[in-house]
Amino acid sequence: MTLGRFLGVVLGVLGWVAAGSMPLFADPPPVAYVELKSHLVRQGLDREFVRKTFADPRNTFLPDVVRKIAYLKKEPRDIYRQFLTPQVAAQGRAYIQEHRPTLRRAESQYGVTPEVITAILTVESGLGNTTGKYSVFNVFASLSVMDSPEIIRELDLPSRLKDRLRKKAAWARRELQVYLEYCHRQRVDPYSLKGSWAGAMGYCQFLPSSLKNCGADGDGDGRIDLFTHDDAIFSIACYLNKSGFQRHNRTTWRRAVLRYNHSDAYADAVLTLAGWY
């Protein structure tokens, strides 16, 4: 690296630090990102777009996210107990009143009841109030290389996790590809969207693949923004509809909700709240 290039990188980093966007002593990106970039280009992504995205000083590897996914266990049944309170039920009923026109339009188009849509929004993001603080790009880029020898060595991940790391890395690469395709097509800054530690984003906490397959324009502005209530409501309704939800057949409700989150505890909480609403 030339002295001029080095100084340019340093000044760029200091600029982001001054803006509060990243820590001063951020670790350099993993060497494994070299192959990841090549993989994304081979999948059809624009080479220059990929290069610029990975060269951005906001590119930060997230070891804590990798560890969390690597060691993730089945969630306990009481994890959603916090939502099963009279206060939360009252908030949900108020939300239905406030957004009734949109909810009714979604029900008419997709056949999904407002109560179930609202219950999912409640559990996923507190009705849009808690959407996550992690860079969606950094989450999926970090997870995409979690099976590389470099990362396994640096994070001291045990060999017994080898199969899980491989499967999760392959999943993350697919999600990262879809996410970057979306950002490039919509001219969205890949670092502008924040989500959960697992990469879910928006009020409905969609993964990029869910956005691609089920994202819906609820307000008719010609774009899909999961950080708006109308689009989040319509996107949830579309997802449940494609998962087999039938308004007049309650036996389909649980199966559709389980497609949204493969957790019995989650389905129990959502359907309980829907009943209270």
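Readers should treat all values here as calculations from the given coordinates under stated rules, not as data from a laboratory. These numbers were taken from a predicted model, which means no experiment stands behind them. Because the Cβ atoms are built from the backbone with ideal geometry, glycine has one as well, and the counts that use them run over all protein chains shown.
Between residue 249 and residue 227, the contour length at 0.36 nm per residue exceeds the alpha carbon distance by 4.9 nm.
Within the range 81-181, the trypsin sites (Lys or Arg not before Pro) that combine a DSSP coil assignment with at most 12 other C-beta atoms in a 10 angstrom radius are 133. Could you tell me the distance between the Cα centroids of the range 164-199 and the range 84-133, to the nearest Å? Cα centroid to Cα centroid, the span is 26 Å. Distances between placed amide hydrogens fall under 5 Å for residue 246 paired with 252, 253, all partners being 5 or more residues away or on another chain. On C-alpha positions alone, give me the angle between the axis of helix 86-98 and the longest principal axis of the chain, in degrees, nearest 10. It works out to around 90 degrees. The computed Cα extents along the principal axes in Å for the structure shown corresponds, within [x] 54, 42, 36; [y] 60, 44, 42; [z] 66, 45, 35, to [z].
Between residue 217 and residue 156, the FRET efficiency estimated from the beta carbon spacing at R0 = 41 angstrom works out to 0.35.
Computed 3J(HN,Hα) for the range 52-59, one whole-Hz value per residue from the Karplus formula 6.51 cos²θ - 1.76 cosθ + 1.60 where θ = phi - 60°, is 5, 5, 6, 7, 4, x, 7, 5, glycine and proline marked x. Between residue 67 and residue 209, full extension at 0.36 nm per residue minus the direct alpha carbon distance yields a gain of 48.8 nm. The angle between the Cα long axis of helix 162-186 and the main principal axis of the chain comes to about 80°, on a 0 to 90 degree scale. Which stretch or stretches of the range 196-213 have amide N atoms under 18 Å from the point lying 7 Å from residue 49's Cα along the Cα→Cβ direction? Residues passing the 18 Å test: 208-213.
For residue 198, the shell of other residues with beta-carbons less than 11 Å away shows a net charge of +1, using +1 for Lys and Arg and -1 for Asp and Glu. The alpha-carbon atoms of the range 126-277 define a convex hull whose volume equals 136 cubic angstrom per residue. Give the angle, between 0 and 90 degrees and rounded to the nearest 10, that separates the Cα long axis of helix 3-18 from the longest principal axis of the Cα atoms of the chain. That works out to roughly 30 degrees. Spin-label model, residue 74 to residue 192: label points 7 Å out along the Cα-to-beta-carbon direction sit 4.2 nm apart. Assuming a ≥ b ≥ c are the square roots of the Cα gyration tensor eigenvalues, decide whether the range 80-207 counts as rounded (a/c under 1.5), prolate (otherwise, with a/b larger than b/c) or oblate. Verdict is prolate for the range 80-207. Excluding same-chain neighbours fewer than eight residues apart, the lysines reachable from residue 194 by a Cα-Cα span under 27 Å are 37, 52, 68, 73, 74, 133, 167, 168, 212, 242.
Per-residue ellipticity at 222 nm computed for the chain from its helices equals -18000 deg cm²/dmol, with DSSP H segments shorter than 4 residues left out and the rest contributing -39,500 (n - 2.57). With only the Cα atoms considered, the range 66-154 has a convex hull volume of 152 Å³ per residue.
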